[in-house]
Amino acid sequence: MKRILLFSFFFGLALIAHAQNSNPILTNYLKLKDALVASDVTKSTKAVAELSKSIDASQEFSQKNELKKQVVVMAKTTDLEKQRLAFADVSTTIWAAAKSQKWSNSDLFYQYCPMKKAYWLSTESAIKNPYYGSKMLACGSVKETLPKKN
């Protein structure tokens, strides 16, 4: 019994450490993506605000100013379709930053929607399209994979 408890304790610590090492910008981007997949404008609007805060709080990186401008565009609307349109630019910039900064503790998948001609990032290879939500949830493909940072 003690071994099980001890194992559970250390496993829990490992999960916490893993979550803490993930970049806040990437974490908030993924929350935004999930809100768009769910077509939940309340959650997406909140996620945009959190993403903006994490960009402001981050150390300088080459895409920071461009990313901030793109997120401001998203923050100016509560219209889900307009958020999705602006999300395409945010996704491209986040991908470039994630690659150059090695932000992720897990594999990142750069996915593509041929109908919107737009990309997004996911920690899962399974397609969950943020541009159409439940209308075309599985539309898209993985175009590139960024292995987790070491």
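Points worth noting:
- Screening the candidates 82, 99 for the property of being surrounded by fewer than 18 Cβ atoms within 10 Å (Cβ to Cβ), modelled with pLDDT of 95 or more, of a type outside the set (Asp, Glu) and not in a loop (DSSP other than H, G, I, E, B) yields one hit, 82.
- In the set (1) buried (at least 18 other Cβ atoms within 10 Å of the Cβ); (2) modelled with pLDDT of 95 or more; (3) out of contact with any strand residue (DSSP E or B) (no Cβ under 9 Å at 6 or more places or on another chain), residue 66 fails one condition alone, (1).
- Meets criteria (out of contact with any Ser or Thr (no Cβ under 9 Å at 6 or more places or on another chain) and either modelled with pLDDT under 50 or not basic (Lys, Arg) (or both)) for residue 13: yes
- Evaluation of residue 138 against (1) modelled with pLDDT of 95 or more; (2) of a type in the set (A, V, I, L, M); (3) in a loop (DSSP other than H, G, I, E, B) (one fails), failing number: (1)
The values are calculated or read from the model by the stated rules, or taken from the named source; none is laboratory data. In this text the structure is predicted, and so the values were computed from the model without any measurement. Reconstructed Cβ throughout: ideal geometry from the backbone, glycine too, with neighbour counts over all protein chains shown.
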